[in-house]
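What follows is a short report on a single structure.
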Amino acid sequence: RRRRRPIATVRRGLLPAALAALAALSAAPARAEGPPDRFPRAAAAYLVALDGRELWARDADRPRPPASLTKIMTALVALEGAWDPAAVAEVSARASRATGTRLGLRAGERVRAGDLLAATLVASANDACLALAEHAAGAEPAFVARMNARAAALGLRATRFENACGHDGPGQRSSARDLLALTRAALAHPEVRRLAALEAATLRTEGGRALPLRTTNALLGRLPGARGVKTGYTPAAGRCVVALVERGGAELLVVLLDAADRWWAAAGLVEKAFAEAGRGG
């Protein structure tokens, strides 16, 4: 059954509705240091940055479960390795049994690495994500070691991974500020930008199966200028999103961790940020 769209048509009434929703999340006094927390009920932790300048934040350095926002690092590490999108990976029995969001890949199926990356970023498929990690490093633990080494190189002090796809665990942590920096690094790769903005795609196995990929990002195609990047949900992490919106040559990034309503909160923050910067519409 077709998933109900949580954001109404953007061309009629999104701006007033988004700002009205945001008003209910605001009213905190500004802090003396750092970006103000003007919207304390937007999420347990959040960060909003326009063209690299931090506008508003809440608990941006507190380590929290990142859920499938982890897959931003998975994509980055895969692309920075010996990347060949045409290389063929064989899906392991372990990857075929991946839990959570999945495509239903079968053990022994052969899939192009580029298709696995698309399924990881577009559909947040854990079976594709794990197959990609195993293809890139031979086994998930070796790939996770690369993820942690890359986090250290980026100076992500609140970030540590114990799995490649974002499952809850005591060693799976990041922060809103670290995720913002990670996203910027990942967006330096044109393939991440391209895939993060897709609403739909298709994964094709060498055996001829065609598996549709549908974005998990409800902002795409509904919020003007939305270009990605990634969503996430687990019981420990709550509902999370890293949203990228481009308007008038400006680039806005919103990180929400454990948001009660991530879509309206993200849309409201986007509209408020562009309106205050004189870049609305």
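The values are calculated or read from the model by the stated rules, or taken from the named source; none is laboratory data. It should be emphasised that the depicted structure is a prediction, and the values quoted were computed from it without experimental measurement. Virtual Cβ from ideal backbone geometry, glycine too; neighbours counted across all protein chains shown. When the accessible area is computed, the model is the full protein with side chains, heavy atoms only, and any ligands, DNA or RNA have been set aside. Shrake-Rupley method; radii C 1.70, N 1.55, O 1.52, S 1.80 Å.
Quick look at the numbers
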| item | result |
| --- | --- |
| Any hit, the range 158-165, residues being in contact (Cβ under 8 Å) with a residue 12 or more places away in the chain, within 14 Å of Met73 (Cβ to Cβ) and among the acidic types (Asp, Glu) | yes |
| Long-range neighbours under 7 Å by Cβ, at least six apart or interchain, first residue at negative phi within the range 95-108, second part of a loop (DSSP other than H, G, I, E, B) and open to solvent by 20 Å² or more (accessible area, probe 1.4 Å) | Ser96/Arg106; Ser96/Ala107; Ala107/Ser92 |
| Residue satisfying all of: in the range 40-60; under 18 Å from the mean Cα position of the chain (by Cα) and under 21 Å from Thr234 (Cβ atoms); surrounded by the fewest Cβ atoms within 10 Å (Cβ to Cβ) among these | Ala44 |
| Qualifying residue in the range 172-187 (condition: touching a residue at least 12 places away in the same chain (Cβ under 8 Å), open to solvent by 10 Å² or more (accessible area, probe 1.4 Å), more than 14 Å from Leu76 (Cα to Cα) and touching a strand residue (DSSP E or B) at 6+ places or on another chain (Cβ under 8 Å)) | yes |
| Residue in the range 191-209 that is farthest from Asp115 (Cα to Cα), counting only those that are open to solvent by less than 50 Å² (accessible area, probe 1.4 Å) and touching a strand residue (DSSP E or B) at 6+ places or on another chain (Cβ under 7 Å) | Ala197 |
| Residues of the range 124-157 that turn out to be open to solvent by less than 20 Å² (accessible area, probe 1.4 Å), closer than 22 Å to Leu256 by Cα and among the aliphatic types (A, V, I, L, M), as a count | 4 |
| Criterion violated by Gly249 - all others in (1) open to solvent by 60 Å² or more (accessible area, probe 1.4 Å); (2) touching a residue at least 12 places away in the same chain (Cβ under 8 Å) satisfied | (2) |
| Any hit, the range 141-150, residues being small (Gly, Ala, Ser) and not in a helix (DSSP H, G or I) | no |
| Some residue of the range 265-280 being open to solvent by 20 Å² or more (accessible area, probe 1.4 Å), at pLDDT below 95 and in contact with a strand residue (DSSP E or B) (Cβ under 7 Å, 6 or more places away or on another chain) | yes |
| Residue under evaluation Lys71, criteria (1) out of contact with any Cys (no Cβ under 8 Å at 6 or more places or on another chain); (2) among the charged types (D, E, K, R); (3) part of a helix (DSSP H, G or I), criterion not met | (1) |
| Residue ID - surrounded by the fewest Cβ atoms within 10 Å (Cβ to Cβ), chosen from residues in the range 85-123 that are among the charged types (D, E, K, R) and either out of contact with any Lys or Arg (no Cβ under 9 Å at 6 or more places or on another chain) or closer than 13 Å to Phe143 by Cβ (or both) | Arg110 |
| In the range 210-227, residue most open to solvent (accessible area, probe 1.4 Å) [restricted to those that are within 12 Å of the chain's Cα centre (by Cα) and without any contact (Cβ under 8 Å) to a residue 60 or more places away in the chain] | Arg227 |
